[in-house]
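The values are calculated or read from the model by the stated rules, or taken from the named source; none is laboratory data. All values derive from a computational prediction rather than experimental measurement. With ideal geometry, Cβ positions are generated from the backbone for all residues, glycine too; neighbour counts draw on all protein chains shown.
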Amino acid sequence: RGLEEQRFYEMTKLRAQFKELLQDCGLLKASERPSASLSSAERSLRHGEVKLLKSMKRSLQEEAPRRRRTLKPDTWTLAEDEEDKSTVDIRDIDFRLSNDSSQLQNLLAGSSACSYKDLAMLKLILTSGLYPQLAVPDEFNHCKTVSEQLFHSESKPFVSLHPMSFFGNNSSVLQLDDADIVPGPGKHPLSHKHQLLCYMSLLETTKAYLVNTLRMPAAQTLLIFCHELHTNIDLTRIVCDSWLELKFPVAETAQTLVRKVVQARSQWEKLLQLRFEDGDCDAVERSLTQQLVELMNNQIVYSLKRLLAADLKLLYVGPGYNMAEGVNPLCPDQEVTVNEKLGGVHLAPYLTYNCLIDDFLLETWTCESCGLVAALNFLEKHQHLQGCQPSSVNKESKEEESCAPKPNSMAYDCPDCCKTLYLTSIEILKHKRSHSC
């Protein structure tokens, strides 16, 4: 159906205003004047063009009060006189005054998503601005018609897709195919293709409709943007902002994903700090972009569930339970602190570990470095790995300690060993006797 021309003019004005705000705050470098890169002939042409456009705009503004408008008999719109049909649109004049051909070319080149990385970053930026306006599909959508598809947001359940939107006419792209579902326990399907919708606003008439929607992978979006993440002891269950629950069938893959998310969020925070401090952020920006693209392309299998009020009553262990201390393996700069409200411990400002009620039994784990065999949870295991040294290193350190010279030792050059040994007088006699034997 396309977009109205008026919307494009509005978008370019909003973009210019937002760019000025970023430049005033120092978050964006001021670009050079468009005329700086033009030759003398091009500047002359542009000067003449601007002069002509300003004259046309002045003429239109003077003629505007004299225009006659009549109400069309068949619609509720106003129609201008026939003589005004050929009049140049004043919005087009304003646009051409603000942008020359080189600026338009730079705008087109800079706003084109040429690769998967560009598209992923563009969607992430949009999602960061729209969050927490998310909606998840109803679990029974697969057995409903297109017009009956329902979604649930955190503030309002049972909302519909706008009938004039793309997803309203193509809702099948939001549903899981049978080939994408992995067999597993529980009634909620396991898949790596769960999706949610980010929306700009809710249109409430006789029904509530989602307006201006964008689909995103569910787990990655929630883990990156959620304000509060609550986990169980092995990270196979993660509750996002106390209304959505992610379940992972394999603990190792879930733990790897959480570590990557924490690293990416720390890099994002570091990048923002560098931006505010006018520091060199090119290396951090490249690293963050790579991490985010890898996260969005992660194909981990999980299930998605919307939590109800009854679920929340039996979700958390409560204050005083599952407390821990020691080094923080996920965020070394932050101390491990107790969550006084839900139980468990804070490993990051947004991450509370081991605060969910769980019937998990610890399994025996063997450290590959030092050979330790013990039943440890995720936090204890990674705390051990941070301070663990390989057994070979321990043996070498013990040997070095045993070979360390004593306070009353002296240097002895052994002709048989061809070495310089630091021994006491009694040890020198014993060493000579060992060679004579």
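Mind checking which residues of segment 169-190 are touching a Ser or Thr at 6+ places or on another chain (Cβ under 8 Å) and either surrounded by 15 or more Cβ atoms within 10 Å (Cβ to Cβ) or free of Cβ contacts under 8 Å to residues at least 60 places away in the same chain (or both)? Hits for segment 169-190 are Leu176, Asp180, Ile181, His188, Pro189, Leu190.
Can we say Leu246 is closer than 27 Å to Gln267 by Cβ, of a type outside the set (Asp, Glu), part of a strand (DSSP E or B) and touching a residue at least 12 places away in the same chain (Cβ under 8 Å)?
Numbers: closer than 27 Å to Gln267 by Cβ: yes; of a type outside the set (Asp, Glu): yes; part of a strand (DSSP E or B): yes; touching a residue at least 12 places away in the same chain (Cβ under 8 Å): yes.
It is true that Leu246 is closer than 27 Å to Gln267 by Cβ, of a type outside the set (Asp, Glu), part of a strand (DSSP E or B) and touching a residue at least 12 places away in the same chain (Cβ under 8 Å).
Condition check for Thr127 on (1) touching a Cys at 6+ places or on another chain (Cβ under 6 Å); (2) modelled with pLDDT under 90: one failure, at (2).
From the list Val317, Val301, Val345, the lone residue that is crowded, with 17+ Cβ neighbours inside 10 Å and either out of contact with any strand residue (DSSP E or B) (no Cβ under 6 Å at 6 or more places or on another chain) or over 30 Å from Leu134 (Cα atoms) (or both) is Val317.
When the strands (runs of 3 or more DSSP E) confined to segment 293-395 are screened for residues that are more than 17 Å from Ala251 (Cβ to Cβ), those reaching at least 1 such residues are found at 303-306, 345-348, 351-353, 373-375.
Evaluation of Val211 against the conditions (1) closer than 30 Å to Asn354 by Cβ; (2) touching a strand residue (DSSP E or B) at 6+ places or on another chain (Cβ under 6 Å); (3) of a type outside the set (Lys, Arg) shows that the sole unmet condition is (1).
Among the listed residues Leu372, Leu312, Leu330, identify the single one that is under 20 Å from Thr256 (Cβ atoms) and either at pLDDT 90 or above or not assigned by the TED database to the domain that holds Trp268 (or both). Don't jump to the end; show me each part of the working.
Details: Leu372 fails: under 20 Å from Thr256 (Cβ atoms); Leu312 fails: under 20 Å from Thr256 (Cβ atoms).
Of Leu372, Leu312, Leu330, the one residue that is under 20 Å from Thr256 (Cβ atoms) and either at pLDDT 90 or above or not assigned by the TED database to the domain that holds Trp268 (or both) is Leu330.
Restricting the first member to segment 314-330 and to residues that are closer than 24 Å to Trp243 by Cα, and the second to residues that are assigned to a loop (DSSP other than H, G, I, E, B) and of a type in the set (D, E, K, R), the beta-carbon pairs closer than 8 Å and six or more apart or on different chains are Pro319/Glu340; Pro319/Lys341.
Per-residue answers, yes or no, for (1) in contact with a helix residue (DSSP H, G or I) (Cβ under 7 Å, 6 or more places away or on another chain); (2) farther than 19 Å from Gln195 by Cβ:
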position	(1), (2)
Cys240	yes, no
Leu244	yes, no
Gln255	yes, yes
Val293	yes, no
Val301	no, no
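Evaluating Asp278 against the criteria (1) under 18 Å from the mean Cα position of the chain (by Cα); (2) closer than 30 Å to Asp24 by Cβ; (3) not in a helix (DSSP H, G or I) leaves one unmet condition, (1).
Quickly run through segment 169-180 and pick out the residues that are within 20 Å of Ala218 (Cβ to Cβ) and part of a helix (DSSP H, G or I).
Hits for segment 169-180 are Ser171, Ser172, Val173, Leu174, Asp178, Ala179, Asp180.
Which one is farthest from Asn141 (Cα to Cα), of the residues in segment 151-164 that are out of contact with any helix residue (DSSP H, G or I) (no Cβ under 9 Å at 6 or more places or on another chain) and modelled with pLDDT of 90 or more? If we take residues in segment 151-164 being out of contact with any helix residue (DSSP H, G or I) (no Cβ under 9 Å at 6 or more places or on another chain) and modelled with pLDDT of 90 or more, then Ser155 is farthest from Asn141 (Cα to Cα). Return yes or no: is Ile224 buried (at least 17 other Cβ atoms within 10 Å of the Cβ) and over 20 Å from Gln290 (Cα atoms)? When the stated conditions are applied, Ile224 does not pass them. Among the candidates Ala218, Ala208, Ala179, the residue that is of a type in the set (A, V, I, L, M), under 30 Å from Val262 (Cβ atoms) and out of contact with any helix residue (DSSP H, G or I) (no Cβ under 9 Å at 6 or more places or on another chain) is uniquely Ala218.
Inside segment 112-148, residues that are in a loop (DSSP other than H, G, I, E, B) and more than 18 Å from the chain's Cα centre (by Cα) make up a count of 9. Note on segment 191-202: residues that are surrounded by 15 or more Cβ atoms within 10 Å (Cβ to Cβ) and either within 12 Å of Ser153 (Cβ to Cβ) or of a type in the set (A, V, I, L, M) (or both) amount to 5. Taking (1) modelled with pLDDT of 65 or more; (2) among the hydrophobic types (A, V, I, L, M, F, W, C); (3) not assigned by the TED database to the domain that holds Tyr9 in turn, Leu104 satisfies each apart from (3).
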